[in-house]
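Report on the structure given below.
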Amino acid sequence: MKITDTAILFVIIAMPLAFLLRIKSDNLENVEYKNLLLNKYLDAAVEDASNAMVVRGMDNSISISREKALESFFQTLYTNFNITDDMGKHSLKAYIPVIAIIDYDGYWIYSMETYTNINGEETQEMLWKSKKPYAYDSNGLVYLFTLDDYVKVFDTVNNNFYEGKREKITGKLPTDKIIHDQELFEQVRKRTIVESIKSDVNSAINEHNKYAKLHGITYHFSPPSMSDADWHRNIEDIGILSFFQGIPIGLGGERFNSFALGAARVVRKDSYYIEQHSNGLYYYHREGCPFVTKKDKVYDSRKECALTGALPCHTCNP
């Protein structure tokens with residue numbers, strides 16, 4: 001075979017391969033772009049919802065409006081997706097298996113519910129479930145936790161009830177390890193809140209598959225892979241947690257799968273984070289500081305940070 005023939009043959013073979021590789025590369029870039037864009041949409045929706053759901057009374061009291069949160073959440077999504085028709089709105093909702101509102105002393109789950117209507121017909125609809133407390137029981141004591149150190153304890157053996165800040169009720173429960181040990185109290189409190197919400201979120205997502213099939217969605221909804229640090233960040237304050245799964249974003253069958261939290265800044269007004277500098281010293285920073293690279297643990301005050309030995313950041317000046 002002549003050299004020219006070999007060259008032509010190489011071009012004939014190589015061109016389709018190069019074309020396919022180009023398509024694959026372009027698709028990956030497109031998928032990455034759509035992931036970033038949809039995460040931006042979701043973040044904006046939960047942020048708007050978290051602001052809308054806090055209703056302040058004349059006496060400066062605070063209440064949570066699930067309806068305002070839901071309305072604001074979906075309105076922001078519809079606007080960003082440029083959806084105005086009812087069919088489009090209904091289709092988009094099918095990719096949101098569960099929404100959770102995290103309140104100070106409990107949480108609500110918004111998810112698919114199957115029930116029989118007044119006409120005797122089986123109906124499927126996204127509904128709010130009853131509010132659930134952050135409850136934990138051990139050795140005859142039932143603890144009702146909150147997002148801070150305020151707790152209610154019911155002694156089922158002696159039929160006694162106690163409530164207040166953890167350190168204020170230690171004298172009333174002299175032998176209780178959870179109440180007397182602050183570190184243990186925080187571990188049990190956080191674990192109880194996370195496990196309660198996680199269990200109901202996972203159940204709701206699994207249940208959503210039945211609904212999705214009816215609407216022609218072949219994607220299998222499954223509980224998200226969230227680290228303990230992610231879950232702990234989600235319970236730092238009153239907020240709304242939403243999951244968005246299954247919407248197609250690529251030619252290779254890629255699907256969007258993400259979650260977002262919007263915090264209302266009610267329990268914790270300020271957040272600080274401690275990071276080790278390259279000089280070996282630890283500094284504490286405001287939340288928006290460019291030197292904050294991880295948010296595994298949040299501190300509520302500058303004093304709390306200083307007690308760890310950390311120094312104030314020279315950039316954000318907390």
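Relative contact order of segment 3-267, taken over Cα pairs closer than 8 Å and 6 or more residues apart, is 21 percent. Packing, as the average of other Cβ atoms within 10 Å across residues, places the peptides 289-295, 199-205 in the order 199-205, 289-295, highest first. In a fully extended conformation the segment linking S301 and K89 would gain 72.1 nm over its present Cα-Cα distance, using 0.36 nm per residue. Taking a sphere under 12 Å around the Cβ of I247 and counting the other residues whose Cβ falls inside, with K and R at +1 and D and E at -1, yields a net charge of +2. Along each principal axis, taking the top coordinate minus the bottom one, the Cα set of segment 3-267 gives 95, 52, 38 Å in descending order. Note that segment 209-226 has calculated 3J(HN,Hα) couplings of 4, 4, 5, 4, 4, 5, 9, x, 8, 8, 5, 8, 6, 9, x, x, 8, 10 Hz, one per residue in order, obtained from phi through the Karplus relation 6.51 cos²θ - 1.76 cosθ + 1.60 (θ = phi - 60°); glycine and proline are x. Cα gyration tensor of segment 270-318, axes a ≥ b ≥ c as square roots of the eigenvalues: rounded (a/c below 1.5), prolate (a/b > b/c) or oblate? Verdict is rounded for segment 270-318.
If R₀ is 41 angstrom, what is the calculated FRET efficiency for the pair K34 and F161, using the beta carbon separation as r and rounding to 0.05?
E(calc), rounded to 0.05, equals 0.20.
Every helix of 4 or more DSSP H residues in the chain counts as -39500 (n - 2.57), and over all residues that averages to -13000 deg cm²/dmol at 222 nm.
For Y150 and K198, the FRET efficiency from 1/(1 + (r/R0)^6), where r spans their Cβ atoms and R0 equals 25 Å, is about 0.65. Seen from I179, the other residues with C-beta closer than 15 Å to its C-beta sum to a net charge of -3, counting Lys and Arg as +1 and Asp and Glu as -1.
With the alpha-carbon atoms of segment 172-318 aligned to their principal axes, the span from lowest to highest coordinate is 56, 46, 27 Å, starting with the largest.
What is the sum of charges around K131, taking Lys and Arg as +1, Asp and Glu as -1, for the other residues whose C-beta is under 11 Å from the C-beta of K131? Surrounding charge for K131 is +1. Distance from the C-alpha centroid of segment 168-217 to that of segment 94-163: 10 Å, rounded to the whole angstrom. Spacing of the modelled spin labels on Q75 and T170, each 7 Å from Cα toward Cβ, amounts to 4.8 nm. Taking a ≥ b ≥ c as the square roots of the eigenvalues of the alpha carbon gyration tensor, segment 161-217 is prolate, as a/c is not under 1.5 and a/b beats b/c.
Computed packing ranks the peptides 275-284, 172-181 as 172-181, 275-284, most packed first, by mean other Cβ atoms within 10 Å.
Working from Cα pairs under 8 Å separated by at least six residues, relative contact order for segment 217-316 is 23 percent.
Rounded to the nearest whole Hz, the Karplus-based 3J(HN,Hα) values (6.51 cos²θ - 1.76 cosθ + 1.60, θ = phi - 60°) of segment 162-172 follow the sequence 10, 8, x, 4, 3, 5, 7, 10, 4, x, 7, with x at glycine and proline.
Taken together, the values in this text are just the output of simple stated rules run on the coordinates, not laboratory data. As the structure is a computational prediction, the values presented were derived from the model and not from experiment. Every residue, glycine among them, receives a Cβ derived from its backbone with ideal geometry; neighbour counts consider all protein chains shown.
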